[in-house]
Amino acid sequence: MSDKAVTIPKGLKFLFGGLAGMGATVFVQPLDLVKNRMQLSGEGGAQRQYKTSFHAVAQILKSEGVTGIYTGLSAGLLRQATYTTTRLGIYTILFEKFSGSDGKPPNFLTKACIGMSAGAVGAFVGTPAEISLIRMTADGRLPIDQRRGYKSVFNALYRISSEEGILTLWRGCGPTVVRAMVVNAAQLASYSQAKQSLLNTGVIYKEVLLSMSFNHCKHNVFYIVDFFQAILQTTYFCTLLLA
């Protein structure tokens, strides 16, 4: 019997990463919808529609039904299929490229630069799905006569490009890319560095706790960037800012 280690093909790793993100989206989509609705509540000096997260969930269920809480799910799945798969794929490729011939991983600064590069490309690729997601989740808060009524993410992509121009799919791409660069530089580099240290000490079980901690800190630190990104990608006023 051969002692040669079995390695998973890179393409399969990227596929698993994208599928994992899509699977997670099925569970967190309602929370993403509530987050976007609350961030946009009170926009333009209007009265806030939701007092708390629980109030938002109750109002959405009351006015839009159970299916309303999953509005934008198709866009969320496409976002994971594009953004997550791309960033993890590029990070893995560059990580191996910058590793030593003896298998020694790159230093922390190099990992951070790799994370920034992967995040930037992933965010650029995923921006059309991102803007579709934000618009679809925000649609229910508008008066009925002003709703866009996108049927799916593909319908949203087609209508946005045909009605507002193809470049509109990358509206707000700047802050989205910057956010992704900072997030991935911190998240992927820190995770890789911590994992490397733990593997050297043999304390493998802490990897899960570290993963949870890094994600918790990431979402707290970058909430404000996410807030302005949501406003920029949902309002037509941004055309004046970008002109």
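The values are calculated or read from the model by the stated rules, or taken from the named source; none is laboratory data. Values in this document were obtained by computation on a predicted structure and should not be read as measured data. Positions of Cβ are backbone-derived with ideal geometry, glycine not excepted, and every protein chain shown enters the neighbour counts. Protein only, heavy atoms only, side chains kept; ligands, DNA and RNA dropped before computing areas. Shrake-Rupley method; radii C 1.70, N 1.55, O 1.52, S 1.80 Å.
Things to note:
- Of the helices (runs of 4 or more DSSP H) entirely within the stretch 44-155, those holding at least 1 residues that are open to solvent by 70 Å² or more (accessible area, probe 1.4 Å), in contact with a helix residue (DSSP H, G or I) (Cβ under 9 Å, 6 or more places away or on another chain) and at negative phi occupy 53-64, 85-97, 108-138.
- Top-ranked residue of the stretch 175-207 - restricted to ones that are among the hydroxyl-bearing types (S, T, Y) and modelled with pLDDT of 80 or more, ranked as nearest to A120 (Cα to Cα): T176
- When we screen S53, S99, S63 for residues that are under 30 Å from Q29 (Cα atoms), more than 22 Å from the chain's Cα centre (by Cα), of a type in the set (S, T, N, Q) and at pLDDT below 90, the only hit is S63.
- Flag if V66 is under 21 Å from V153 (Cβ atoms), without any contact (Cβ under 8 Å) to a residue 24 or more places away in the chain and β-branched (V, I, T): yes
- Cross-chain or 6+ apart pairs with Cβ under 8 Å, the stretch 93-114 first and touching a residue at least 12 places away in the same chain (Cβ under 8 Å), then open to solvent by 70 Å² or more (accessible area, probe 1.4 Å): I93/K10; T110/F98; I114/F98
- Residue, farthest from R79 (Cα to Cα), within the stretch 161-183, restricted to residues that are among the β-branched types (V, I, T) and crowded, with 21+ Cβ neighbours inside 10 Å: V183
- Residue, modelled with the highest pLDDT, within the stretch 6-43, restricted to residues that are among the hydroxyl-bearing types (S, T, Y) and more than 13 Å from the chain's Cα centre (by Cα): S41
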